[in-house]
Structures are given as structure tokens and as C-alpha cells.
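Working notes for the structure below.
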Amino acid sequence: MLPPQCTQFSSISIKTLRERVREDSDFLFKYVEEVYRAIERYEQRLRAYITLRPISEVIDDIENLVKHGKLGPLGGALVAVKDNISTKGIRTTCGSKMLENYVPPYDATAVSRIKNSGGVVIGKTNMDEFAMGSTTENSAFYPTLNPWDYGRVPGGSSGGSAVAVAACEATVSLGSDTGGSIRLPAAYTGIVGLKPTYGLVSRYGLVAYGSSLDQIGPMGRCVEDVAIVLNVISGHDPRDSTSLRVNVENFEKYVVDYPLKRYRVVVLEEMVSEGIDEKVMKIFNSTLDVLAKRDVTVEFRKMPLLHYSLPTYYIIAMAEASSNLARFDGLRYGTRSEAEGKLWVDAYRKTRMTGFGEEVKRRILLGTYVLSEGLYEGYYLKAAKVRRLLHQEFTKLFREYDAALSPTSPTLPPRLGEAIVDPIKLYSLDINTVPINLAGLPAISVPGGFAEGLPVGIQIFGPPLSEGFLLNIAKLIESGRSG
Amino acid sequence: MWLSRVDWEKIIKHLSILALVEADTARIESLARDLEKIVEMFNKIVELNIPEIVEPLYTTFFGEINLEEDVEWESMGIRELDPTGERLEDGYVKSPKTL
């Protein structure tokens, strides 16, 4: 099911786009016009983009691809890119006043791979400032709205990337996920979003938030589109020291409407108990029924350590953020404020005071707090030890099971302003997504159904490099839902 | 350790100096309230009893770290750095005055 902003034409998949272009070479240009019509009509309300490229530039790029026979696996797909992923010559703000006028002189590896595979960057999408947030209300520019209900948030921090795809203002998009920032907005907007295994996709050109947790990943309207983009962006990159040296599989071959093996999946009770909305649980249970009909064995297990994953995640993420964001000083690049004092430190502090928003400052201060002398052992070191134990528990779990399932979010998309006023309420939206980043595992959010006219996402996660099987299980849910 | 609101306000002032992030004085009270709540959430793990032997985990990357040899590259041309030439003066890029 698609939101009202989409037409049958604007919502086509990459595969259909490729097929139609083979029959009619003008099809691609008509498609671009259709997408820009949707943008013209709805973007003023939705505000998915921070920077949108003019249609003439996009058409020029497509003409070039067609002329040189380089439509490749993406077939001229229009790719929206989260605004913390560097794009050569296109402003990359991170949703922050600090980088309001920053134009990178290079492309992130994921972006150059998109361009080399027949994708065209259509624009840069709105996000919570420096990816710190779960609603896209923390953007320094404006909030992005949920296409299913303009009074609700689209999730975050990759909210713009999710809305651009959900509202058919792009074919697919790239997001980044530090603690759920791809999966949560995918769930709230009714699309598919995948967070790859840590190291599968290069982080070169991604503005760092929590370096040991960050990953770039694809978002699309169907499982197949996500697999196609993952094929393109994954693989070793010598420019990222934490890039895995693995042979990348063809993920498309996993997107089939039958189980590729007799799956054993597990539901962790802690992920379906505390604070889960009844309406979300109803959809989750119906998804388990869909899988049971496809001979998937579902079992329930406990993992009490999950109760500690939220504080563990936020301690580590904020500590890493306080270090990563130290580079934004107004001296090397970014916004610079004139200081009244005579010391460089006054200019530095003033720049950071005016350039960063409240949530970013809060996280930098807390990151500094947990790393302070006398507190480091009790907070940061302890969190790193809990992370070790969580990692060990997941390793043990996935010796027995192929994958695990949970609702992506415990609630339906909150109303605008509802979650942002209380930091604990805001952070709790990530309760089911953060353990996956702590353990470096792959995870996908796929639409499971609708409650009160709002989409509900199902999260599937598994052992490292199990993206193929996760895509297969996601496809079973996708076709079970539409069938 | 329990800290009062006044303690938190003092801590925020100290952290602002360390992190070089000046907190908005008008919002310091609400910031103190938020930080107090968040640290209360953090304290959940402080109470957790973990054996000394457990090693901390800082990264989930278990591949071979790819540290490339240093390679000399041709430097980025001034025109690439400033394509419009707006910030050029005598062939150099002029940076804005700070102090």
C-alpha cells in the first residue's frame, strides 16, 4: 500500500524502470518529470529535502548515462541521499547550521558507487542534526512530516530519506543508521530499510556520529529495490579502515517468494513486552502467522541483558559523538562566529554554541560527562563491557537460530512534538533497534501492516553477513502481506 | 550518586568549559533537568554486576584493519578548492578573519 502522494507511475520499482526503458528510451525522462511533479505538489508540506537538484541537471545526468550506455543495475533510478553523506559539489549540511554552507570536494564511496551504477542523485534529504534524533524534528532547518499523517513524525534520523521514497519523490534513498536511524523511519513511513553488517558498506564520506556504530544503508519501497542498492554500495573500500574484505554476494538472488531454507527464527521476549503498543503487537503476531504458513519455525527466548541496551548504547554513542564533533570549531570549515574575547577558545566556544542545536549540545555535554575522570570506569568502560556481553549473547543465539524478529518500534509514529519534549521518551523509540548496532549485526525493517491507517514495521536481524537470508525473510513477509 | 539540581547546573558549567560548548544560560535549568533524567537512565548499568574478567568491546569490526601505506597525491588545485574564485587573492585562498 502506498501513501496518497504516489501514483502507479511514480511508484515503479527499479526492475520495472529498467524493463520499461529497454522498450522505450524516452520512458526515463517521462519518469523524471512524474517524480518532479510529485515534488512540486507535496514537497512544500512534507519537506523531505534540504537541497533538491534542478530537474535540468538531473536530466543532463540521465542523458549522459543513456548516451554512454551506462544505465547499469540502477537503470537511471533517482537516489535521494541523506545530508550527512558527502556529495561532491552538492551542499552537505548534516541538518545543522554548523555546516549550512559546506560543499564537499569529494563523493562518499557509497555515492560514487551509486553514480557508477546508473543512479542519479536527486537531492539531499532532511535529518536530525548530525543524526542525533529519532523523529527528524531536530533538524536545524525544519521538521519533515509523515506522508501518512501530516500531524505525525516520520521517524529519524533518516526521516527525509524515508519520506522521499515513501511519497514517491525519489526511487530509492541512502540513509545512515547508528542506533536505528534507517529502520525506524522506514517503519513509520511504510517502506523497507536495511542496516548492513558493520563494515559491509564503506563509511568513507559519512560524517561521523558514533564511529563504532554508524553504517550507511539503502531504503526502498520494496525488498527488491533495497537488495539492488545494497549490491551496488557494499564491498571492500581501502579508504575505510573498518571495511570488511569479503566477497559480496548478489543479494537480488535472495529476493524470492519462497523460503530458501527451513528457517528457525527467534523472538526475544524483552523486545515484545515492555511498553509495546497493543496495535503494534497485533500486526507483529499476524506477521508470525504469515511466516508460520511458510514453514518458518518461530520460538521465544529470553535475553535479560537487553534491559541494559538502551543506557549502554546512549553512553557509547554520546561518548563517541563528543569526540567526533570536536572537529567542528569554525576554524577548519563550517560556520564561524565572531568572538568578543581575544582568545581563539572564545571563538571556538561561540561558534559551537551558535552552530549546534540543543540536542547536539546535550549529547556532547553528556559524552564529556561519561568520559570524565572518576566517571569513565562507571559509565563508558562499564558500557563497553555490557556491549561485549551482548555481543557474546547474540553470537550464542545465532548458533541456534537463523534470524530474530521484533517490532521495529514499540509504538505507532508519535505526533509532532510529542516525543521530542521528553528525552527519555525520545530515546525509548530506539529500544528495539540499538542492540543490533551495539553488536554490529545486520537488520531490515519491512512493513508488516497498518494500524489506524499508519504503517507498522517488522524488524528482522541476524548474524553478521546474513543480509541475504534477511532479505529472503523480508520478501516472505512482503508477499504474505499483499497476498 | 544523587545530585541536586544546583549540583547539575554547576556540572553543566564545568562540562561546557571542557567540551567548549557554551550552554544557553536561559535554558540551563531545563538542561539540568534533562541531564539529570538521562544520567538516571545511565545509572541502570552502573548497578549491574559484571565480572572483572570481562573485556570491554570497542568495535564489532573483526576483520583485518586496513591501514594503507602512505601514498603521495598531487595536491588539490586551488581552482578545485574554490571553483568560483571568489575567495582568491594573489593566487591564495583568503580565509575570513576570526579574531
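The values are calculated or read from the model by the stated rules, or taken from the named source; none is laboratory data. Small disclaimer: the values here were computed from a predicted structure and weren't measured. Because the Cβ atoms are built from the backbone with ideal geometry, glycine has one as well, and the counts that use them run over all protein chains shown. Heavy atoms of the whole protein, side chains included, go into the accessibility calculation; ligands, DNA and RNA do not. Shrake-Rupley method; radii C 1.70, N 1.55, O 1.52, S 1.80 Å.
For the range A:354-375, does any single residue satisfy the condition of being more than 8 Å from every other protein chain (Cβ to nearest Cβ) and of a type in the set (Phe, Trp, Tyr)? The answer is no, given that none of the residues of the range A:354-375 is more than 8 Å from every other protein chain (Cβ to nearest Cβ) and of a type in the set (Phe, Trp, Tyr). Within the range A:361-379, the only residue that satisfies the criterion of being touching a residue at least 12 places away in the same chain (Cβ under 8 Å) and either open to solvent by 30 Å² or more (accessible area, probe 1.4 Å) or not in a helix (DSSP H, G or I) (or both) is A:Leu371.
Criterion first (exposed (fewer than 15 other Cβ atoms within 10 Å of the Cβ) and of a type in the set (Ser, Thr, Tyr)) does A:Ser273 satisfy it? Quick ask: steps written out before the conclusion?
Working: exposed (fewer than 15 other Cβ atoms within 10 Å of the Cβ): yes; of a type in the set (Ser, Thr, Tyr): yes.
Criteria met by A:Ser273.
Considering only residues of the range B:63-91 that are in contact (Cβ under 8 Å) with a residue 12 or more places away in the chain and surrounded by 10 or more Cβ atoms within 10 Å (Cβ to Cβ), which is farthest from the other protein chains (Cβ to nearest Cβ)? Top of the filtered list is B:Ile78. Considering the range B:20-35, the residues that are among the small types (Gly, Ala, Ser) and surrounded by 17 or more Cβ atoms within 10 Å (Cβ to Cβ) include one that is nearest to the other protein chains (Cβ to nearest Cβ), namely B:Ala23. Residue under question is A:Ala227, and the condition is that it be over 29 Å from A:Leu71 (Cβ atoms) and crowded, with 24+ Cβ neighbours inside 10 Å; does it hold? Spelling it out, it is not the case that A:Ala227 is over 29 Å from A:Leu71 (Cβ atoms) and crowded, with 24+ Cβ neighbours inside 10 Å.
Taking the criterion of being over 16 Å from A:Thr144 (Cα atoms) and among the β-branched types (Val, Ile, Thr), the residues of the range A:80-96 that qualify are A:Ile85, A:Thr87, A:Ile90, A:Thr92. Taking the stated definitions as given, is A:Leu426 closer than 22 Å to A:Asp177 by Cα, of a type in the set (A, V, I, L, M) and open to solvent by 10 Å² or more (accessible area, probe 1.4 Å)? When the stated conditions are applied, A:Leu426 does not pass them.
Look at A:Lys385 and say whether it is assigned to a helix (DSSP H, G or I), more than 14 Å from chain B (Cβ to nearest Cβ) and of a type outside the set (Val, Ile, Thr). Here the answer is no, as A:Lys385 does not meet what is asked. One residue stands out among those in the range A:404-423 that are of a type in the set (Val, Ile, Thr) and open to solvent by 10 Å² or more (accessible area, probe 1.4 Å): the one that is farthest from A:Arg152 (Cα to Cα), which is A:Val421.
Looking across the range A:323-345, the residues that are at pLDDT 80 or above and either within 7 Å of chain B (Cβ to nearest Cβ) or surrounded by fewer than 18 Cβ atoms within 10 Å (Cβ to Cβ) (or both) come down to A:Ser323, A:Ala326, A:Arg327, A:Val345. Quick one: is A:Glu358 open to solvent by 10 Å² or more (accessible area, probe 1.4 Å) and closer than 17 Å to B:Asn43 by Cβ? Taking the combined requirement at face value, the residue does not satisfy it.
Could you look through the range A:238-252, keep only residues that are under 17 Å from A:Ala227 (Cβ atoms) and touching a residue at least 60 places away in the same chain (Cβ under 8 Å), and pick out the one that is most open to solvent (accessible area, probe 1.4 Å)? Walk me through how you get there before you give the answer.
First, the residues of the range A:238-252 that are under 17 Å from A:Ala227 (Cβ atoms): A:246-252.
In the following step, the residues that additionally are touching a residue at least 60 places away in the same chain (Cβ under 8 Å) were identified as A:246, A:249, A:251.
Numbers: A:Val246: 48, A:Glu249: 65, A:Phe251: 7 Å².
By that ranking, first place goes to A:Glu249.
Here A:Val232 fits the description: more than 9 Å from chain B (Cβ to nearest Cβ), touching a Lys or Arg at 6+ places or on another chain (Cβ under 7 Å) and either closer than 30 Å to A:Ser117 by Cβ or surrounded by fewer than 21 Cβ atoms within 10 Å (Cβ to Cβ) (or both). Residues that are surrounded by fewer than 24 Cβ atoms within 10 Å (Cβ to Cβ), farther than 12 Å from A:Ala404 by Cβ and among the hydrophobic types (A, V, I, L, M, F, W, C) within the range A:435-476 comprise A:Phe450, A:Ala451, A:Leu454, A:Leu465, listed in sequence order.
Specify which of the listed residues (B:Ile17, B:Ile50, B:Ile38) is over 27 Å from A:Pro423 (Cα atoms), at the interface with chain A (Cβ under 10 Å from one of its Cβ atoms) and surrounded by 11 or more Cβ atoms within 10 Å (Cβ to Cβ).
Details: B:Ile17 fails: over 27 Å from A:Pro423 (Cα atoms); B:Ile38 fails: over 27 Å from A:Pro423 (Cα atoms).
One residue alone meets the criteria, B:Ile50.
Each row is one residue, and each column tells you yes or no for (1) open to solvent by 60 Å² or more (accessible area, probe 1.4 Å); (2) within 30 Å of A:Asp329 (Cα to Cα); (3) out of contact with any helix residue (DSSP H, G or I) (no Cβ under 6 Å at 6 or more places or on another chain); (4) in a strand (DSSP E or B).
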{"residue": "A:Met1", "(1), (2), (3), (4)": "yes, no, yes, no"}
{"residue": "A:Pro4", "(1), (2), (3), (4)": "yes, no, yes, no"}
{"residue": "A:Thr16", "(1), (2), (3), (4)": "no, no, yes, no"}
{"residue": "A:Leu28", "(1), (2), (3), (4)": "no, no, no, no"}
{"residue": "A:Tyr31", "(1), (2), (3), (4)": "no, no, yes, no"}
{"residue": "A:Tyr42", "(1), (2), (3), (4)": "no, no, yes, no"}
{"residue": "A:Leu71", "(1), (2), (3), (4)": "no, no, no, no"}
{"residue": "A:Ala80", "(1), (2), (3), (4)": "no, yes, no, yes"}
{"residue": "A:Gly95", "(1), (2), (3), (4)": "no, yes, no, no"}
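This table checks each residue for (1) open to solvent by 10 Å² or more (accessible area, probe 1.4 Å); (2) assigned to a loop (DSSP other than H, G, I, E, B); (3) among the aromatic types (Phe, Trp, Tyr).
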position: A:Asp107; (1), (2), (3): yes, yes, no
position: A:Ala110; (1), (2), (3): no, no, no
position: A:Ile114; (1), (2), (3): no, no, no
position: A:Ile122; (1), (2), (3): no, no, no
position: A:Gly155; (1), (2), (3): no, yes, no
position: A:Gly179; (1), (2), (3): no, yes, no
